[in-house]
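Chemist: Please see the structure below; I have some questions.
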Amino acid sequence: MLRRMARQLQFPAGDAISFAEYNRAVFERFARRVRRLPRKEAFRRRGIGHESLFDTLVHILNVQEVWLVYIVRGRNSDRELEALFEDSSRHPKEWKGFDAYSRRVWEGVEETLRPLGSRELGRKVKAFWMPGNYTVRDALLQVSLEEAHHLGEIIGALWQKDVEPPPMTWIDTRRALSQHVARRPK
């Protein structure tokens, strides 16, 4: 059973776009929910992976950006990544900076994934901190699963305060995205 887990998951490019759309939609739901909390609650150190709810959301953006805007595009030299990691806009301290950074990341993710074909999802990519062989498809799964992990931390923190987290099921989110697209003016 465990040996089978090492198999590569296969999905076409259209599914990759669907994963990215889902990730963004769920992320934005959580950002809205955290934003509605009193500032003190959104920014309070809680002992979760990245301390505050706000900083956990920022970390999710950091992961999306480094993998899907840099690593997948082959922008992984020490010079490029060092400059990225030192970029102060990646570490906003207020909602205004968060909004600007969030837009930049999600636009970059869309720009990266839009032209990818199914064959390119199997292309090898490399991050200096991760040993082994992996693909663009693996990078997309990595950011998706990491986002889910960190949103789980936020869910737990919200439940501790009797705050209901936003819905995040795949089916509900995809339905909402489909309805949003259907309502857009043509």
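The values are calculated or read from the model by the stated rules, or taken from the named source; none is laboratory data. All figures in this text were calculated on a predicted structure; none of them were measured in a lab. Here Cβ is always computed from backbone atoms with ideal geometry, including for glycine, and neighbour counts include all displayed protein chains.
Chemist: Take the range 12-24 and flag every residue that is surrounded by fewer than 17 Cβ atoms within 10 Å (Cβ to Cβ) and in contact (Cβ under 8 Å) with a residue 24 or more places away in the chain.
Modeler: Listed by number, the residues that qualify are 12, 17, 18.
Chemist: When you check residue 52 against the structure, is it in contact with a Gly (Cβ under 7 Å, 6 or more places away or on another chain) and of a type in the set (S, T, N, Q), yes or no?
Modeler: no
Chemist: Is it the case, given these coordinates, that residue 27 is assigned to a helix (DSSP H, G or I) and loosely packed, with under 14 Cβ neighbours inside 10 Å?
Modeler: Against the criterion (assigned to a helix (DSSP H, G or I) and loosely packed, with under 14 Cβ neighbours inside 10 Å), residue 27 does not qualify.
Chemist: Hey, another quick one. Within the range 123-151, can you find the residues that are buried (at least 17 other Cβ atoms within 10 Å of the Cβ) and either in a strand (DSSP E or B) or aromatic (Phe, Trp, Tyr) (or both)?
Modeler: Across the range 123-151, the qualifying residues are 125, 134, 135.
Chemist: If you don't mind, another one. Inside the range 43-122, counting only helices (runs of 4 or more DSSP H) that do not spill past its ends, which hold 1 or more residues that are at pLDDT 95 or above and surrounded by 17 or more Cβ atoms within 10 Å (Cβ to Cβ)?
Modeler: Qualifying helices (runs of 4 or more DSSP H): 53-64, 95-113.
Chemist: Out of 49, 14, I need the residue that is farther than 30 Å from residue 179 by Cα and either aliphatic (A, V, I, L, M) or under 18 Å from the mean Cα position of the chain (by Cα) (or both). Which one?
Modeler: 49
Chemist: Taking the range 44-70 on its own, how many of its residues are more than 17 Å from residue 148 (Cα to Cα) and touching a strand residue (DSSP E or B) at 6+ places or on another chain (Cβ under 9 Å)?
Modeler: So the count comes out to 2.
Chemist: A further question on this structure: Looking at the structure I just gave you, is residue 163 more than 18 Å from residue 75 (Cβ to Cβ) and among the hydrophobic types (A, V, I, L, M, F, W, C)?
Modeler: yes
Chemist: Please enumerate the residues belonging to the range 144-174 that are free of Cβ contacts under 8 Å to residues at least 60 places away in the same chain and among the β-branched types (Val, Ile, Thr).
Modeler: Of everything in the range 144-174, those that are free of Cβ contacts under 8 Å to residues at least 60 places away in the same chain and among the β-branched types (Val, Ile, Thr) turn out to be 155, 169, 171.
Chemist: Filter the range 9-23 for residues that are modelled with pLDDT under 90 and acidic (Asp, Glu) and give the result.
Modeler: Across the range 9-23, the qualifying residue is only 15.
Chemist: May I ask you to verify whether residue 135 is farther than 18 Å from residue 60 by Cα and in contact with a helix residue (DSSP H, G or I) (Cβ under 7 Å, 6 or more places away or on another chain)?
Modeler: So residue 135 passes the test.
Chemist: One residue is enough: does the range 162-172 have a residue meeting the conditions β-branched (Val, Ile, Thr), modelled with pLDDT of 95 or more and over 20 Å from residue 42 (Cα atoms)?
Modeler: no
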